[in-house]
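Below: one structure, written as structure tokens.
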Ligand code: GNR
Ligand code: NI
């Protein structure tokens, strides 16, 4: 297990579209475990492989209050959406310090493989639905800030670049 470095917006690697995993082998399981350790260490509720610079379709989530319900999904996809759009206050470990409201389908069905390579289908709503959509977006090179106004995106980008300059100085 290892805690990996999380890339920060506007790192261009966050825009990579991740490649599907061909088969769940030990290497993929190791990646999932490292993502979970990194997510817990950073106190996030989700993490996508793209965020640690690995362009493969693997995500992890844990939306439990007790932080004891790890879920690793390989090649996850939104198979169906139901209901209305729901607004959710989102944040992202790759865009630290930014919290903004995003509107997404409130109920979804996800299809994926689990850590053992078994096909799984799961219905999600609430925090889990928002988090899973946020993570799958990462696998397609999308960030939650992409849903905000151009003005807000410009402000966020400028602030991030300034923070990076200050961190280097
Ligand atoms: O920790 C996280 N919190 C969060 C809150 C609302 C919607 C999505 C998220 S995911 C985020 C961790 C992260 O950046 N995952 O990619
Ligand atoms: Ni994120």
- Mind ranking 74-86, 128-140 by how tightly packed they are, going by the mean number of other C-beta atoms within 10 angstrom, highest first? 128-140, 74-86
- When the Debye formula is applied to the Cα atoms of region 1-70, each taken as the same point scatterer, what base-10 log of I(q)/I(0) results at q = 0.23, 0.27 Å⁻¹? -1.03, -1.26
- Please work out the Cα center distance from region 1-46 to region 57-102, rounded to the nearest Å. 14 Å
- Task: Give, in nm to one decimal, the length gained when the segment between residue 29 and residue 43 is fully stretched (0.36 nm per residue of separation minus the Cα-Cα distance).
- Result: 3.0 nm
- In deg cm²/dmol, rounded to 500, what helix-only [θ] at 222 nm does the chain give when every DSSP H run of at least 4 residues adds -39500 (n - 2.57) and the total is split over its residues? -9500 deg cm²/dmol
- Query: Sorted by mean Cβ packing within 10 Å, highest first, what order do the peptides 16-26, 158-168, 59-69 take?
  - Reply: 59-69, 16-26, 158-168
- Task: At q = 0.14, 0.24, 0.28, 0.30 Å⁻¹, work out log10 I(q)/I(0) for region 58-105 with the Debye formula, treating every Cα as an identical point scatterer and leaving solvent out; two decimals please.
- Result: -0.53, -1.19, -1.08, -1.03
- Query: Per the Debye formula with a single identical scatterer at each Cα and no solvent contribution, what log10 I(q)/I(0) holds for the chain at q = 0.18 Å⁻¹?
  - Reply: -1.18
- Query: What is region 73-128 by shape, rounded, prolate or oblate, if you read a ≥ b ≥ c off the alpha carbon gyration tensor as root eigenvalues and call it rounded for a/c under 1.5, prolate for a/b larger than b/c, and oblate otherwise?
  - Reply: oblate
- How high is the relative contact order of region 28-139, in percent, with contacts defined as C-alpha pairs under 8 Å that are six or more residues apart? 25 percent
- Would you mind calculating the relative contact order of region 85-169 from Cα pairs under 8 angstrom and at least 6 residues apart, reporting the percent as a whole number? 22 percent
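Since every read-out is calculated from the coordinates, none of them should be taken as a lab result. For clarity, every value in this text was computed on a predicted model and none was experimentally measured. Positions of Cβ are backbone-derived with ideal geometry, glycine not excepted, and every protein chain shown enters the neighbour counts.
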